[in-house]
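Read the structure below first, then the notes.
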Amino acid sequence: MDRIAIVGAGIGGLTTAIALARRDIRSVVFERRDALPDEGAGIQIAPNAAAELHELGLGEVFEAAARPSCREIRRWQDNTVISRTDLSRYDTPYYAMRRGALVGALREAAVVFGRRCVSVTDDGALCFADGTGERATAVVGADGLHSAVRGLVVRDELRDSGYVAVRAVLPMETELDRVVVWLGPHRHVVAYPIGRGHLNLVVVGRPGDANVDGWHPAVRDLIDRIERPEVHTLYDRPPAPRWHHGRVVLIGDAAHPMLPFIAQGAAQAIEDAAALARCGGRPDAFRRFEALRRERVGPVADLSRAGAHVYHLPDGDEQRQRDTAMAAAPPGSHDWLYGRRVASLLPSSDTSSTRDASPSFRKI
């Protein structure tokens with residue numbers, strides 16, 4: 001196969017295929033499912049990721065998306081605002097939409113369905129569950145938290161975060177123009193508009209604990225309206241010592257699993273895709289990609305993991321210190337995350353001859 005093999009047709013894998021195609025690099029995406037689901041659940045696309053999609057010519061996907069004006073952190077019991085982040089301060093909007101709409105817009109990539117990759121080798125050979133195989137110029141593992149490709153690069157195990165996420169899409173009874181996050185003991189709740197009169201609701205808490213006694217009526221009302229909840233156990237993996245080996249490289253959750261507490265999992269996968277394509281014509285593409293992205297992803301992943309503790313504090317001294325710090329944060333406290341696209345900083349004129357085992361995509 002004289003092209004790049006991408007394992008996984010999620011947001012990261014499909015964006016990688018499109019980003020490579022924009023640079024005349026051929027690829028094919030192998031997806032274990034028989035079709036991509038038409039997911040109704042919501043997703044937040046922060047400006048750092050939205051800017052990359054606009055640059056790829058995919059801005060039309062956001063025409064029906066909501067554009068939250070701000071994000072508010074509120075108290076669980078009395079609904080008072082702890083802090084507010086202005087999301088309109090960035091050159092690219094902060095979008096919220098249905099996940100299926102985004103995946104659908106990325107379907108211009110070539111996808112082969114019903115091919116579950118079970119292993120790869122460092123020379124680009126793929127083995128599928130049906131016993132067949134392929135050999136590619138290079139392999140991109142974009143197969144998520146349960147990645148089969150990751151097993152070649154690093155051996156580790158999933159670890160349970162101790163939390164589950166309950167997700168639901170609800171009709172909006174009153175207009176909501178912002179992302180609202182209620183923080184409470186051992187639980188937090190997120191609501192945001194996703195366009196066309198609907199909002200996305202996420203309740204994160206301990207498994208089996210559905211008690212919301214004492215929570216503000218605004219929160220209890222939203223939870224009471226859930227009819228068909230989707231319940232997901234939140235897993236994580238330890239940080240990987242490396243993201244590539246031979247002709248195989250990992251991106252997104254396959255490389256750096258990210259708990260959802262700051263809504264950056266898909267965003268960082270999109271940034272990965274753009275960065276990998278930018279590195280693709282260089283002789284040590286994978287090494288450059290990893291070096292570039294580690295500096296960016298490390299603090300984001302650390303912040304997302306910290307949310308498991310910080311977002312769920314019981315009322316007390318530590319909770320009050322958290323609230324005071326959040327209230328005192330300056331207006332630009334999120335600029336490093338939403339306004340700075342590290343993937344764009346790679347010099348286009350770099351002609352270094354440094355080489356390693358990772359391939360240049362331009363050999364195709």
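Residues that are farther than 30 Å from residue 215 by Cα and out of contact with any Lys or Arg (no Cβ under 8 Å at 6 or more places or on another chain): does the stretch 155-166 have at least one? The answer is yes; a qualifying residue exists. Can you find a residue that is out of contact with any Phe, Trp or Tyr (no Cβ under 8 Å at 6 or more places or on another chain), more than 28 Å from residue 126 (Cβ to Cβ) and free of Cβ contacts under 8 Å to residues at least 60 places away in the same chain anywhere in the stretch 275-290? No, because not a single residue in the stretch 275-290 is out of contact with any Phe, Trp or Tyr (no Cβ under 8 Å at 6 or more places or on another chain), more than 28 Å from residue 126 (Cβ to Cβ) and free of Cβ contacts under 8 Å to residues at least 60 places away in the same chain.
Considering the stretch 226-264, the residues that are open to solvent by 50 Å² or more (accessible area, probe 1.4 Å) and either among the β-branched types (Val, Ile, Thr) or not in a loop (DSSP other than H, G, I, E, B) (or both) include one that is nearest to residue 124 (Cα to Cα), namely 245. Residues that are basic (Lys, Arg) and either within 20 Å of the chain's Cα centre (by Cα) or on the phi > 0 side of the Ramachandran plot (or both): does the stretch 76-90 have at least one? No: zero hits. Scan the stretch 66-77 and report the pairs whose first residue is closer than 19 Å to residue 319 by Cα and in contact (Cβ under 8 Å) with a residue 40 or more places away in the chain and whose second residue is outside any loop (DSSP other than H, G, I, E, B) and of a type in the set (Gly, Ala, Ser), with Cβ atoms within less than 8 Å and a gap of 6+ or a chain change. From the stretch 66-77, the pairs are 72/83; 73/83; 75/184; 76/184; 77/184. In the stretch 198-225, what residues are at pLDDT below 95, open to solvent by less than 70 Å² (accessible area, probe 1.4 Å) and within 30 Å of residue 146 (Cα to Cα)? Within the stretch 198-225, 209 is the sole residue that qualifies.
When residue 151 is tested against (1) of a type in the set (Gly, Ala, Ser); (2) in a loop (DSSP other than H, G, I, E, B); (3) farther than 21 Å from residue 266 by Cα; (4) within 21 Å of the chain's Cα centre (by Cα), exactly one condition is not met: (2). Considering the stretch 310-360, and only residues there that are modelled with pLDDT under 60 and not in a loop (DSSP other than H, G, I, E, B), the residue that is nearest to residue 289 (Cα to Cα) turns out to be 343. If residue 299 meets every condition in (1) over 17 Å from the mean Cα position of the chain (by Cα); (2) open to solvent by 30 Å² or more (accessible area, probe 1.4 Å) apart from one, which number is that one? Only one criterion in (1) over 17 Å from the mean Cα position of the chain (by Cα); (2) open to solvent by 30 Å² or more (accessible area, probe 1.4 Å) is unmet by residue 299, namely (1). Only strands (runs of 3 or more DSSP E) whose full extent lies in the stretch 1-77 are considered here, and the ones with at least 3 residues that are touching a helix residue (DSSP H, G or I) at 6+ places or on another chain (Cβ under 9 Å) and surrounded by fewer than 22 Cβ atoms within 10 Å (Cβ to Cβ) are 70-75.
Listed here are the residues, each with its yes/no results for (1) part of a strand (DSSP E or B); (2) loosely packed, with under 14 Cβ neighbours inside 10 Å; (3) modelled with pLDDT under 95.
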site	(1), (2), (3)
84	yes, no, no
93	no, no, no
101	no, no, yes
112	yes, yes, no
115	no, no, no
126	yes, no, no
131	no, yes, no
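Working only within the stretch 168-217, note down all residues that are in contact (Cβ under 8 Å) with a residue 24 or more places away in the chain, among the charged types (D, E, K, R) and more than 20 Å from residue 305 (Cβ to Cβ). Across the stretch 168-217, the qualifying residues are 177, 178, 196. Within the stretch 265-275, can you find the residues that are open to solvent by less than 20 Å² (accessible area, probe 1.4 Å) and aliphatic (A, V, I, L, M)? Matches in the stretch 265-275: 267, 269, 270, 273, 274, 275. Open to solvent by less than 50 Å² (accessible area, probe 1.4 Å) and closer than 15 Å to residue 247 by Cβ: does that describe residue 282? Here the answer is yes, as residue 282 does meet what is asked. Out of the residues in the stretch 143-165 that are touching a Leu at 6+ places or on another chain (Cβ under 8 Å) and of a type in the set (A, V, I, L, M), state the one that is surrounded by the fewest Cβ atoms within 10 Å (Cβ to Cβ). Checking each candidate, the answer is 158.
Among the residues of the stretch 171-197, those identified as in a strand (DSSP E or B) and either surrounded by fewer than 17 Cβ atoms within 10 Å (Cβ to Cβ) or at positive phi (or both) are 171, 195. On inspection, residue 292 fails the criterion of being under 25 Å from the mean Cα position of the chain (by Cα) and either assigned to a loop (DSSP other than H, G, I, E, B) or modelled with pLDDT of 95 or more (or both).
The values are calculated or read from the model by the stated rules, or taken from the named source; none is laboratory data. Note that the coordinates shown come from a computational prediction; the quantities given were computed from them, not determined experimentally. All Cβ positions, even for glycine, are placed from backbone atoms using ideal geometry, and neighbour counts span all protein chains on display. Accessible surface is based on the protein model in full, side chains and every heavy atom, while ligands, DNA and RNA are left aside. Shrake-Rupley method; radii C 1.70, N 1.55, O 1.52, S 1.80 Å.
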